Amino acid sequence: MHERSGILLLVSGPSGSGKTTLCERLATTGEAYYAISATTRRPRPSEVDGEDYFFLGMDEFKSKITDGDFIEYAEVHENFYGTLKSEVVDKINKGLDVVMDIDVQGADLVRACNDPLIQNALVDLFVTPSSEEELRNRLVGRQTDSEDVIATRMQNSLDEMQQSSKYSYLLVSADKETDFAKFNALLIAERLNQSRIK
């Protein structure tokens with residue numbers, strides 16, 4: 001019987017691109033495990049610790065950096081975000097697929113990781129709105145941020161979009177159903193890659 005190693009599907013894109021919705025939906029289907037990020041930012045009212053993020057104090061986060069507990073971490077919007085090794089490595093070893101919602105700084109760090117397991121498992125995808133206007137419409141439509149925050153996120157998002165060429169795959173967002181069909185198809189195709197089959 002042919003067994004395969006797990007896939008680490010790394011997904012980046014600007015705020016409002018729909019990347020988080022794609023990752024959450026894939027996890028809901030049971031096709032992949034959603035690696036929950038750790039962060040020092042304060043939770044939003046609807047967010048739950050251990051489900052949306054692992055919410056850590058600054059001292060605890062820095063202690064985990066010192067202990068080498070992160071695959072990657074970065075400072076974004078004046079807060080730290082990172083992915084704990086415990087969220088990824090064991091699952092890949094068991095042949096399970098893991099999806100990560102990660103910013104472009106974190107993606108660079110994952111690509112630079114010298115662990116052969118991570119390198120063989122890695123598939124990276126950039127999700128982007130079809131236009132700058134569409135990006136702004138999505139950020140405003142979320143109704144979670146002030147105009148100043150939206151302006152900052154717009155600039156950061158435009159900067160991030162300049163780095164999309166670093167990714168192996170690019171998904172230009174259309175609508176939720178079309179996006180998810182393409183997203184799921186990518187995972188299915190990567191499962192057939194012979195480099196992953198033992």
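The values are calculated or read from the model by the stated rules, or taken from the named source; none is laboratory data. Quick caveat: nothing in here was measured; it's all calculated off a predicted structure. Please note: Cβ atoms are built from the backbone with ideal geometry, for glycine as well, and neighbour counts cover all protein chains shown. For accessibility, only protein heavy atoms count, side chains too; no ligands or nucleic acids. Shrake-Rupley method; radii C 1.70, N 1.55, O 1.52, S 1.80 Å.
Show that you can apply the helix-only estimate: for the chain, add -39,500 (n - 2.57) for every DSSP H stretch of four or more residues, divide by all residues, and state [θ] at 222 nm to the nearest 500.
-12000 deg cm²/dmol
Which value, in debye to the nearest 20, gives the size of the charge dipole of the chain about its Cα centre, when Lys and Arg are +1 and Asp and Glu are -1 at the Cβ?
That gives a dipole near 640 debye.
Any idea of Tyr53's accessible area? Nearest 10 Å², probe 1.4 Å.
50 Å²
Using a Cα-Cα cut-off of under 12 Å, which aspartates and glutamates could be cross-linked to Lys198, ignoring same-chain neighbours fewer than 8 residues away?
Partners found: Glu3.
Any idea how far the Cα center of the range 24-59 sits from the one of the range 81-126, in Å?
16 Å
Note down the relative contact order for the range 1-149 as a percent, whole number, built from C-alpha pairs under 8 angstrom at least six residues apart.
Relative contact order for the range 1-149 comes out at 40 percent.
Report relative contact order for the range 1-66 in percent, whole number only (criteria: Cα-Cα under 8 Å, sequence separation at least 6).
About 20 percent, as a whole number.
With semi-axes √(5λ) of the Cα gyration tensor in Å as the read-out, I listed (i) 26, 22, 15; (ii) 22, 21, 16; (iii) 38, 19, 13; which label goes with the value calculated from this structure?
(i)
Can you pick out the pairs among Lys62/Lys91; Lys62/Lys85; Lys85/Lys176; Lys64/Lys91 whose Cα atoms lie more than 22 Å from each other?
Going by Cα-Cα distance, Lys62/Lys91; Lys85/Lys176 fall outside the 22 Å limit.
GluC sites (Glu not before Pro), restricted to the range 12-64: which are DSSP loop and have at most 13 other Cβ atoms within 10 Å?
When the GluC sites (Glu not before Pro) of the range 12-64 are filtered for loop state and at most 13 Cβ neighbours within 10 Å, Glu47, Glu51 remain.
Amide H neighbours of Tyr53 under 5 Å, counting only residues 5+ apart in sequence or on other chains, H built in-plane at 1.01 Å?
Placed amide hydrogens put Val48 under 5 Å from Tyr53.
Placing +1 on the Cβ of each Lys and Arg and -1 on the Cβ of each Asp and Glu in the range 1-102, which of Leu84, Met100, Phe55 has its Cα farthest towards the positive end of the resulting dipole?
Met100
Given axes a ≥ b ≥ c from the Cα gyration tensor, I'd like to know whether the range 54-152 is rounded (a/c under 1.5), prolate (a/b larger than b/c) or oblate.
Here the range 54-152 falls in the oblate category.
Roughly how many debye, to the nearest 20, is the charge dipole of the range 91-198 about its Cα centre, given +1 on each Lys and Arg Cβ, -1 on each Asp and Glu Cβ, and no other charges?
Roughly 700 debye, rounded to the nearest 20.
How high is the FRET efficiency between Glu75 and Asp115 when r is their beta carbon distance and R₀ equals 30 Å, given to the nearest 0.05?
Rounded to the nearest 0.05, the efficiency is 0.85.
Would you mind working out the accessible area per residue for the chain, using a 1.4 Å probe, and quoting it in Å²?
53 Å²
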